[in-house]
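Asker: Sharing a structure with you now.
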Amino acid sequence: MEKFVKDIVEYLIEKEYTISVAESLTGGLVCSMLCEVPGASQVLLEGIVAYTNQSKISRLGVKVETLNTYTAISKETAKEMAQGVRKNLNATIGIATTGLAGPLEFDEFGNKKGTVFIGVSIGKETYTNRFDFEGNRDEIRKQAAKHCFLILFNVLLGKEQL
């Protein structure tokens, strides 16, 4: 995975793209993976750990209505997080993670442990994906962080020009 992330960072440098990250579930793992790559400072603008709903609202512009209607663990929230972190930091790309890693099997809204939403906002488009990961808290968080880069790679494949 390290080489894969390195290749993505090098591609972003080559294209002069910038990236910003909003993490809830992953709590900084995505940024950490980026920061392990020499030269990442040329593309990584900022990472925000928006663990609470209030942080999602104030730092990322997630709508209260979205959280009340769909909860923090939803494709709608992941979409608004990704768009907000991209727009607020004036980045080319915004990535967001939200979900439930445990320790409870279900949250008060019925979301199952392992439910993860990842959003990628690039240009005028935002893509969201849902995953149902298995494992303990740490394993779920690591799977989510790795999948951010897989999704980003797939999005970049389809975007030669922004």
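Asker: Do you know which of the residues in the range 62-109 that are of a type in the set (A, V, I, L, M, F, W, C), over 19 Å from Asn129 (Cβ atoms) and touching a residue at least 40 places away in the same chain (Cβ under 8 Å) is surrounded by the fewest Cβ atoms within 10 Å (Cβ to Cβ)?
Answerer: Leu89
Asker: Under 6 Å by Cβ, and 6 or more places apart or on different chains, what pairs join a residue from the range 110-130 that is surrounded by fewer than 16 Cβ atoms within 10 Å (Cβ to Cβ) with one that is not in a loop (DSSP other than H, G, I, E, B)?
Answerer: As it stands, the answer is Lys112/Phe106; Arg130/Phe117, since those pairs meet every condition given.
Asker: Taking Tyr11 and the conditions (1) assigned to a helix (DSSP H, G or I); (2) touching a residue at least 60 places away in the same chain (Cβ under 8 Å); (3) within 17 Å of the chain's Cα centre (by Cα), which numbered condition does it fall short on, given that it satisfies the others?
Answerer: (3)
Asker: Go over the candidates Glu65, Glu46, Glu76 one by one and state the one that is modelled with pLDDT of 95 or more, of a type in the set (D, E, K, R) and not in a helix (DSSP H, G or I).
Answerer: On inspection, the qualifying residue turns out to be Glu46.
Asker: I'd like the full set of residues that are exposed (fewer than 15 other Cβ atoms within 10 Å of the Cβ) and touching a residue at least 60 places away in the same chain (Cβ under 8 Å), limited to the range 33-55.
Answerer: none
Asker: What number of residues within the range 1-31 are open to solvent by 10 Å² or more (accessible area, probe 1.4 Å) and more than 30 Å from Lys112 (Cβ to Cβ)?
Answerer: 12
The values are calculated or read from the model by the stated rules, or taken from the named source; none is laboratory data. For clarity, every value in this text was computed on a predicted model and none was experimentally measured. Neighbour counts are summed over all protein chains in view; Cβ atoms, including those assigned to glycine, are modelled from backbone coordinates with ideal geometry. Areas reflect the complete protein model, heavy atoms only, side chains present, ligands, DNA and RNA absent. Shrake-Rupley method; radii C 1.70, N 1.55, O 1.52, S 1.80 Å.
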